[in-house]
1. Only residues that are part of a loop (DSSP other than H, G, I, E, B), at pLDDT below 70 and over 13 Å from residue 59 (Cα atoms): list them for the stretch 74-100, please.
2. Would you confirm, using the coordinates I've provided, whether residue 47 is touching a helix residue (DSSP H, G or I) at 6+ places or on another chain (Cβ under 8 Å), more than 16 Å from residue 82 (Cα to Cα), surrounded by 15 or more Cβ atoms within 10 Å (Cβ to Cβ) and modelled with pLDDT of 90 or more?
3. Just a yes or no: is a residue in the stretch 6-16 surrounded by 13 or more Cβ atoms within 10 Å (Cβ to Cβ) and touching a helix residue (DSSP H, G or I) at 6+ places or on another chain (Cβ under 7 Å)?
4. Taking the stretch 50-73 as the region of interest, how many residues are modelled with pLDDT of 70 or more, surrounded by 13 or more Cβ atoms within 10 Å (Cβ to Cβ) and part of a loop (DSSP other than H, G, I, E, B)?
5. Looking only at the stretch 24-45, count every residue that is within 19 Å of the chain's Cα centre (by Cα) and not in a helix (DSSP H, G or I) and tell me the total.
6. Considering only residues that are farther than 23 Å from residue 83 by Cβ, assigned to a helix (DSSP H, G or I) and without any contact (Cβ under 8 Å) to a residue 12 or more places away in the chain, which ones fall in the stretch 1-23?
């Protein structure tokens, strides 16, 4: 659980049922990397606990779905922590990283009072 691997690779860690939360914390705290993660369960409570504890453990996180990677241009993709800076090429979110939004408002009818009429 300490090495970032690029696949196709499947890693398996066997744990006892009563060690679910302890194992989630182990996954969250063991590595500086956080690229992709997934949790599979039919138990909604187990999923909720998993999602909460692993909140910062992966840039792309899947719940009951195959973690085979995002579709470029349709789903933002990227890692967290030492695995990257979240958004990657192919996503409009990457473009947002390089620009600063600016709002410009122009009034064509000059106000004659500082009060807003609807607040009267």
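The values are calculated or read from the model by the stated rules, or taken from the named source; none is laboratory data. Being a predicted model, the structure only gives us computed values, none of them experimental. Cβ atoms come from the backbone with ideal geometry, glycine included; neighbour counts cover every protein chain shown.
1. Within the stretch 74-100, 74, 89, 90, 91 qualify.
2. No; evaluated as a whole, the condition is false for this residue.
3. For the stretch 6-16, residues surrounded by 13 or more Cβ atoms within 10 Å (Cβ to Cβ) and touching a helix residue (DSSP H, G or I) at 6+ places or on another chain (Cβ under 7 Å): absent.
4. Going through the stretch 50-73 one residue at a time, the tally reaches 5.
5. 10
6. Passing the criteria: 17, 18, 19, 22.
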